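Some notes on the structure that comes next.
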Amino acid sequence: MAESITIKKPFDSHLHVRQGAMLRAVTPISAAKFAGALIMPNTEPPIETVEQAAAYKKEVLAAVPGEITFEPLMSLYLTKNLKPSEIEKGFAGENGMKVFAVKSYPYGATTNSQWGYRSILEAQDVLKKMEEIGMPLLLHGEVHLNDHDEEEDPYDAERMFIADVLPRLLETYPKLKVSLEHMSSAEAIDFMEKNGEAGKLVTTVTPHHLMYDRRHAFSGGYRALLHCKPLIKTAHDRERLRYMVKKGLPFVSAGTDSAPHPEAKKFSSCCAFGVFNAPVALEMYAQVFDEIGALDKLEAFLSLNGPQFFGVEPSTETITLLKKDWQVTEPVVTEEDIKVWSVGDAKHGLGNEMLHWQVQQ
Ligand code: DOR
Ligand code: ZN
């Protein structure tokens with residue numbers, strides 16, 4: 001049995017770092033273990049121009065410790081203000097500022113999704129332009145509101161998107177490059193196993209959807225640290241997800257969806273959507289791949305498939321993980337003294353979530 005594994009430094013295909021003090025607290029944590037990341041644009045205000053993306057990139061890079069190389073790939077938020085010309089400008093990388101993707105959030109579904117379209121299919125001009133130039137579309141693939149503006153059952157939201165919206169999108173824009181983010185349901189997995197194709201239709205997987213299911217989310221009351229969109233699903237969904245990553249498919253990559261929220265928002269009566277996993281994400285992935293006997297597939301999933309989709313080189317650095325037990329016991333604390341609790345934390349997690357892999361210091 002492997003006691004250690006050395007792989008190229010990973011790439012996080014889906015990361016939230018926020019802004020200001022929060023960004024400065026969480027960015028170094030991801031930068032220590034990942035060579036780069038696709039940075040999500042659901043900030044306040046949203047990133048909807050190349051100029052904003054450039055300023056945001058600068059803010060991220062300023063938070064990376066000097067001795068570390070970390071490449072943030074920037075994205076634009078598909079708001080109703082996002083113009084096709086802005087997408088074209090960003091994709092061309094004018095003045096050295098390249099934008100690598102456009103992210104779509106369904107209106108109202110999750111954190112800062114109030115600027116999104118209700119359905120991605122409404123964004124015709126933008127989609128046409130993206131298809132024409134080859135700009136990747138990153139999908140939060142859930143149907144949140146129906147035609148009468150009523151909220152759908154959140155446990156059905158991804159399934160509905162897969163059954164209805166995604167096929168229509170792919171049919172209307174056959175050349176569009178699409179990533180279905182944070183896959184969580186058996187239906188999404190079936191669809192991707194059938195239709196996925198490297199460079200064309202890809203998907204990302206979070207550590208929390210691989211590690212947890214509804215039994216954990218409802219263990220002793222609803223667990224705020226596991227509250228996210230898409231919701232943590234059933235044991236069956238999780239098994240299917242594990243079985244899919246075990247296959248080592250070239251269109252499946254790691255996207256942590258690490259999404260920090262201040263303690264006051266996370267533990268309020270209506271806990272904020274988002275699992276903060278940056279301190280443990282890599283270790284969680286290694287643990288799951290070890291459990292399913294797929295450590296030989298870990299490097300492609302973590303370090304090669306993501307960069308390939310975005311057209312960047314994998315890292316030339318390596319990272320070593322050791323089989324060693326540990327647990328997160330402290331929150332991340334921002335310079336404004338705000339606590340951010342990681343999934344798996346000894347106090348606010350499920351109680352005894354020992355991690356079995358550790359990054360070699
Ligand atoms: O749980 C989530 N949190 N899902 C998302 O799509 C957004 C994210 C966030 O930004 O907090
Ligand atoms: Zn996200």
Item to check | In segment 143-153, the residues that are exposed (fewer than 15 other Cβ atoms within 10 Å of the Cβ) and either part of a loop (DSSP other than H, G, I, E, B) or in contact with a Phe, Trp or Tyr (Cβ under 6 Å, 6 or more places away or on another chain) (or both) | outcome: Asn146, Asp147, His148, Asp149, Glu150, Asp153
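Every residue, every condition in (1) open to solvent by 10 Å² or more (accessible area, probe 1.4 Å); (2) part of a helix (DSSP H, G or I); (3) β-branched (Val, Ile, Thr), yes or no:
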position	(1), (2), (3)
Leu282	no, yes, no
Asp290	yes, yes, no
Asp296	yes, yes, no
Leu304	yes, yes, no
Thr320	yes, no, yes
Gly351	yes, no, no
His356	yes, no, no
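For segment 259-270, how many residues are away from ligand 2 (no atom under 16 Å from the Cβ) and either in a loop (DSSP other than H, G, I, E, B) or of a type in the set (D, E, K, R) (or both)? Write out each step before concluding.
So in segment 259-270, the residues away from ligand 2 (no atom under 16 Å from the Cβ) come out as 262-264, 267-270.
Then keep just the ones that are either in a loop (DSSP other than H, G, I, E, B) or of a type in the set (D, E, K, R) (or both); that gives 262-263, 267-270.
Of the residues in that region, 6 qualify.
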Next on the checklist: Given the condition of a type in the set (A, V, I, L, M, F, W, C), farther than 29 Å from Leu180 by Cβ and in contact with a Pro (Cβ under 8 Å, 6 or more places away or on another chain), answer yes or no: does some residue in segment 335-355 qualify?
Outcome noted: yes
Item to check | From Thr69, Thr43, residue being within 16 Å of ligand 2 (Cβ to nearest atom) and part of a loop (DSSP other than H, G, I, E, B) | outcome: Thr43
Next on the checklist: So, restricting to helices (runs of 4 or more DSSP H) that lie completely within segment 178-258, which ones have at least 3 residues that are open to solvent by 40 Å² or more (accessible area, probe 1.4 Å)?
Outcome noted: 186-195, 214-217, 235-246
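Could you please let me know if Ile87 is touching a helix residue (DSSP H, G or I) at 6+ places or on another chain (Cβ under 6 Å), among the aliphatic types (A, V, I, L, M) and part of a helix (DSSP H, G or I)? Steps first, answer last, please.
Working: touching a helix residue (DSSP H, G or I) at 6+ places or on another chain (Cβ under 6 Å): yes; among the aliphatic types (A, V, I, L, M): yes; part of a helix (DSSP H, G or I): yes.
When the stated conditions are applied, Ile87 passes them.
The values are calculated or read from the model by the stated rules, or taken from the named source; none is laboratory data. Quantities reported herein were computed from a predicted structural model and do not represent experimental measurements. Positions of Cβ are backbone-derived with ideal geometry, glycine not excepted, and every protein chain shown enters the neighbour counts. Note: areas computed on protein heavy atoms with side chains; ligands, DNA, RNA excluded. Shrake-Rupley method; radii C 1.70, N 1.55, O 1.52, S 1.80 Å.
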